[in-house]
Each structure stands twice: as C-alpha cells, then as structure tokens.
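**Student:** Pasting a structure below so you can have a look.
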Amino acid sequence: MDLLQVIKQKSLENHIPIVRDKTLQLMIDIINKNKYQSVLEIGTAYGYSAYTISKCKNIKSIITLEKRIDNYLIAKQYKNNKITYLNDDAFFYTPTQTFDFIFIDGGKSHQEHLVDKYYQHLNKGGIIFIDNIDLHKFDQLDVLTKNQKSLLNKIKVFKKWLLSHKVYKTEYVFIDDGCCIIYK
C-alpha cells in the first residue's frame with residue numbers, strides 16, 4: 001500500500017475528515033492547469049490533501065497549518081521535502097510569503113475572517129479554495145441537533161456573504177459538498 005493510501009485509511013479509521021475524491025481532483029486539476037508552485041493549507045488533519053497536492057509536478061512548497069497537536073504529530077510523520085507542517089492556529093498565524101493556492105479546510109466558524117486575512121497573502125492570478133460549503137452529509141438526517149443546525153446556518157450565511165462580496169470574485173462549484181473558488 002502506498003503512503004497516500006495509508007494516510008487515507010488511517011484518517012477514515014479514526015474518523016478524521018478528508019477532502020472528497022472529486023473535490024481533490026478538481027483542486028489538482030486547477031493547480032496543474034495554472035502551474036501553481038506554492039500552497040497554503042489551513043487545516044492539515046493527518047496530511048492527506050497536502051501529501052496528494054505535493055505530487056503535482058509544479059508544486060515547490062506547501063505550508064500546512066494544524067491547530068490540534070494530536071493531528072499535527074501524526075501528519076508530520078509523513079515527511080515530504082515539499083511540505084512544511086506547522087502546529088498553529090490560522091487566526092494567529094501570519095505568513096511571511098504569498099501563495100498561488102490557498103486551501104481553507106479548517107473549522108467552519110468565522111471563515112470570513114480567514115478569507116479576509118489570507119486574501120492579502122494570495123498572489124495575483126491565484127485562488128482561495130474552500131470546500132464543504134453545503135455539507136450534504138446532513139441532508140440524510142431526519143432530525144438535526146442544535147449544533148448541526150447552527151453550523152448549517154453559519155455556512156449558509158458565509159456562502160451568501162462570499163457570493164455577494166463586492167471585492168472577491170467567487171465561483172460556486174456544485175461538487176461533493178460544494179466548493180467556492182475565490183480568484184485574485
């Protein structure tokens with residue numbers, strides 16, 4: 001079993017969310033088409049998406065942030081000369097460079113703050129990619145908890161804010177749990 005399959009299997013066994021296959025393929029296609037070289041990922045988990053993206057031929061560097069120490073310690077075991085794993089909170093981290101591709105895959109609360117903060121660290125011609133804009137996994141539930149309802153409402157408000165924003169040119173992509181792509 002190759003390392004990507006090991007990371008994916010370990011994530012699934014431990015109920016660690018990973019980016020869905022079609023969404024990941026869309027990200028890879030965008031990165032390859034635009035020949036992006038630098039990536040910032042917010043939300044490492046076990047490092048599945050960062051490790052997959054590192055296989056793109058033009059990628060030179062990936063910085064990936066993980067707030068949870070236990071996830072960070074697992075992810076950093078999967079050494080790769082293109083990936084820098086940081087145990088840091090995206091709300092407090094300040095990059096010292098700009099990036100071609102920023103993947104916001106962390107918690108869904110206060111994402112507008114993350115978009116505002118990291119847009120200034122995006123290269124011209126780059127994109128911010130945000131997945132799980134719709135969270136269809138809740139569609140199959142008959143009854144939602146108070147927290148699930150609150151999360152869905154936050155995401156709905158965020159999506160409306162993003163798609164109506166006057167500065168950010170945003171495209172919604174109906175794939176898996178929905179994605180938004182912000183262009184600069």
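**Student:** Could you check the range 142-160 and list, in sequence order, the residues that are surrounded by 14 or more Cβ atoms within 10 Å (Cβ to Cβ) and either touching a residue at least 40 places away in the same chain (Cβ under 8 Å) or not charged (D, E, K, R) (or both)?
**Tutor:** Step one: of the range 142-160, the residues surrounded by 14 or more Cβ atoms within 10 Å (Cβ to Cβ) are 148, 151-152, 154-155, 158-159.
Within the range 142-160, GLN148, LEU151, LEU152, LYS154, ILE155, PHE158 meet the criteria.
**Student:** Within the range 164-173, is even one residue touching a strand residue (DSSP E or B) at 6+ places or on another chain (Cβ under 9 Å) and under 23 Å from TYR48 (Cβ atoms)?
**Tutor:** Yes, that holds for at least one residue.
**Student:** Which of the residues belonging to the range 43-85 are more than 23 Å from HIS113 (Cα to Cα) and of a type in the set (Val, Ile, Thr)?
**Tutor:** Within the range 43-85, THR52, ILE53, ILE59, ILE74, ILE83, THR84 qualify.
**Student:** Just checking, does the range 14-26 include any residue being free of Cβ contacts under 8 Å to residues at least 60 places away in the same chain, out of contact with any His (no Cβ under 9 Å at 6 or more places or on another chain), crowded, with 22+ Cβ neighbours inside 10 Å and not in a loop (DSSP other than H, G, I, E, B)?
**Tutor:** Among the residues of the range 14-26, not one is free of Cβ contacts under 8 Å to residues at least 60 places away in the same chain, out of contact with any His (no Cβ under 9 Å at 6 or more places or on another chain), crowded, with 22+ Cβ neighbours inside 10 Å and not in a loop (DSSP other than H, G, I, E, B), which makes the answer no.
**Student:** A further question on this structure: Which pairs have Cβ atoms under 7 Å, sit 6 or more apart or on different chains, and link a residue in the range 49-63 that is outside any loop (DSSP other than H, G, I, E, B) to one that is open to solvent by 10 Å² or more (accessible area, probe 1.4 Å) and acidic (Asp, Glu)?
**Tutor:** SER49/ASP105
**Student:** Then there's this: Does the range 25-42 hold any residues that are farther than 24 Å from GLU112 by Cβ and hydrophobic (A, V, I, L, M, F, W, C), and which are they?
**Tutor:** Within the range 25-42, ILE28, ILE31 qualify.
The values are calculated or read from the model by the stated rules, or taken from the named source; none is laboratory data. Quick caveat: nothing in here was measured; it's all calculated off a predicted structure. FYI the Cβ positions are ideal-geometry reconstructions off the backbone, even for glycines, and counts take in every protein chain you see. Note: accessible area is taken over every heavy atom of the protein model, side chains too, but ligands, DNA and RNA are not part of it. Shrake-Rupley method; radii C 1.70, N 1.55, O 1.52, S 1.80 Å.
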